[in-house]
Amino acid sequence: MSRRGTMQMTKLLVGQTRQRLFSTATSKNVSSGTKFAPNVSGQRFTNHGILGSAPIFEGRYWSTVASEVSREGKTVQPPKVEYSGEDDHQGGGKTVAISSYWGVAPRKISKEDGSPWRWNSFRPWETYTADTSIDVKKHHKADTFMDKFAYWTVQTLKYPTYLFFQRRHICHAMLLETVAAVPGMVGGMLLHAKSLRRFEHSGGWIKALLEEAENERMHLMTFLELSQPQWYERALVFAVQGVFFNAYFVAYVVSPKLAHRIVGYLEEEAVNSYTEFLIDLEKGLVENQPAPAIAIDYWRLPPDATLKDVVTVIRADEAHHRDLNHFASDIQCQGHELKEYPAPIGYH
Ligand SMILES: [Fe+2]
Ligand SMILES: [Fe+2]
């Protein structure tokens, strides 16, 4: 390659990389519809890249849709299909409409009563009725050194949070759910990588752990309808997630049975803290307000359900997570691998 060619290529790569890594221009341009935006609004693509001399890279890097210029050089208009969706966090208050070439928008979904399904992040077939008959007092007795280490790790972490939140149960629950949704995702991700690396089945444990993570995240989405985090709470979550995600990742790599045991004890404490929440609701120390709509749909609760019903089903979820994680640890403590025992998928 000539020196001039090398210079042009370097200029092109630096320009593209800088824009991708350090600029917010890409996302802003998508909404403002300038010449670098993907063709989400159906306007014509420009045939010139960011440097004016890179039509190929421009199409590759800036577009999420096919170029409208065919190989024969003819202009091909992509079919313009209008989609609309509702912002599910706003409970259907905001409608977003786009047009796209790809045709991947989900079909319209209705509830059993024929009314439109308002949540984009979960579907009717992912909802369930919580099994509230589960024993919420079960406890794994810590006999071995590993169990005692896991138990006292959780006890040590528990007291500062109780001191910090005291009777502010909704804030306490909301912030703890941001932590609780991490282990399932980290464990599921690591088992996924292990399955690929070793060319072997997982026994369903990847799915079971990812389901747990999603279920925890739905707890968070529910509490978000009742309370919005302050800036310092967001900062706290940011810092705690940075530490906890990495610490749990390392723990799971070093000793998955210890990692699952720690989560088992964390879930026991989650059950206890929701029991305290319920006691304060019954005493009238916390207002038993109507259940958020997202909770009514997710747990198939009656329309007149209250916060107490929501806390009851969330506590049942935590008890199921407790059992799943202690079971996962028991399997490995008894010298077996998780994949040897079918995972409790859909265990709610
Ligand atoms: Fe939770
Ligand atoms: Fe949990």
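Every number here is computed from the coordinates shown, using simple stated rules; none is lab data. Keep in mind that this is a model prediction, so the values were computed, not measured. Neighbour counts run over all protein chains shown; Cβ positions are idealised from the backbone, glycine included.
Going 7 Å from the Cα of LEU163 in the Cα-to-Cβ direction, what parts of the range 234-269 have a backbone nitrogen less than 19 Å from that spot?
Under 19 Å, as judged by backbone N against the label point of LEU163, lie 236-237, 240 of the range 234-269.
So, by mean Cβ neighbours within 10 angstrom, what's the order for 332-342, 296-306 with the highest one leading?
The packing order, highest mean first, is 296-306, 332-342.
Taking one equal scatterer on every alpha-carbon of the range 134-186, how large is log10 of I(q)/I(0) by Debye at q = 0.13, 0.28 1/Å?
Evaluating at q = 0.13, 0.28 Å⁻¹ gives log10 I(q)/I(0) of -0.45, -1.08.
Taking the number of other C-beta atoms within 10 Å as the exposure measure, put THR129, THR275 in order starting with the fewest. All intermediate terms of the calculation are to be shown ahead of the outcome.
Numbers: THR129 10, THR275 16.
In order of increasing Cβ crowding within 10 Å: THR129, THR275.
Amide H of THR306: which non-local residues (sequence gap of 5 or more, or other chain) have their own amide H closer than 5 Å, using H built in the peptide plane?
Residues meeting the amide H criterion: ALA291.
Got a sec? Which residues in the range 319-337 would a label at HIS201 touch, if it sits 7 Å along Cα→Cβ and we count backbone N under 16 Å?
337
Scattering from the C-alpha atoms of the range 200-348 alone, worked out with Debye: what is log10 I(q)/I(0) at q = 0.13 1/Å?
-0.70
Determine the alpha carbon to alpha carbon distance for each of LYS141/LYS339; LYS283/LYS308; LYS257/LYS339; LYS148/LYS339; LYS194/LYS257; LYS207/LYS339 and list only those over 18 Å.
Distance filter (> 18 Å) returns LYS141/LYS339; LYS148/LYS339.
Give a residue-ordered list of calculated ³J(HN,Hα) values for the range 176-190 (Karplus: 6.51 cos²θ - 1.76 cosθ + 1.60, θ = phi - 60°; whole Hz; x for Gly, Pro).
Couplings: 5, 5, 5, 8, 4, 7, 7, x, x, 5, 5, x, x, 5, 5 Hz.
Please list, ordered by chain and number, the residues whose modelled amide H lies under 5 Å from the amide H of SER100; skip anything fewer than 5 residues away on the same chain.
VAL81, TYR83
For the ranges 172-180, 145-153, what's the packing order if you count other beta-carbon atoms within 10 Å of each residue, average per peptide, and put the highest first?
The packing order, highest mean first, is 172-180, 145-153.
Where does each of 198-211, 111-124, 222-235 land if you order them by average Cβ count within 10 Å, highest first?
Highest to lowest by the protection proxy: 198-211, 222-235, 111-124.
Given Cβ point charges of +1 (Lys, Arg) and -1 (Asp, Glu) and nothing else, what value in debye, to the nearest 20, does the dipole of the range 94-218 about its Cα centre take?
Numbers: 18 positive and 13 negative charges, 63 e Å.
Once rounded to the nearest 20, the dipole reads 300 debye.
Could you derive backbone 3J(HN,Hα) for the range 146-152 from the dihedral phi with the Karplus parameters 6.51, -1.76 and 1.60 (θ = phi - 60°), listing whole Hz in sequence and x where the residue is Gly or Pro?
3J(HN,Hα) across the range 146-152, in whole Hz: 4, 4, 5, 4, 4, 4, 6.
Got a sec? Charge dipole of the range 177-232, +1 on Cβ for Lys and Arg, -1 for Asp and Glu; which of GLY203, PRO229, HIS219 is way out at the positive end?
Towards the positive end, the residue furthest out is GLY203.
From the backbone phi of the range 276-289, what are the Karplus-calculated ³J(HN,Hα) couplings (6.51 cos²θ - 1.76 cosθ + 1.60, θ = phi - 60°) in whole Hz, Gly and Pro given as x?
4, 4, 5, 4, 5, 5, 5, 6, x, 6, 10, 5, 8, 6
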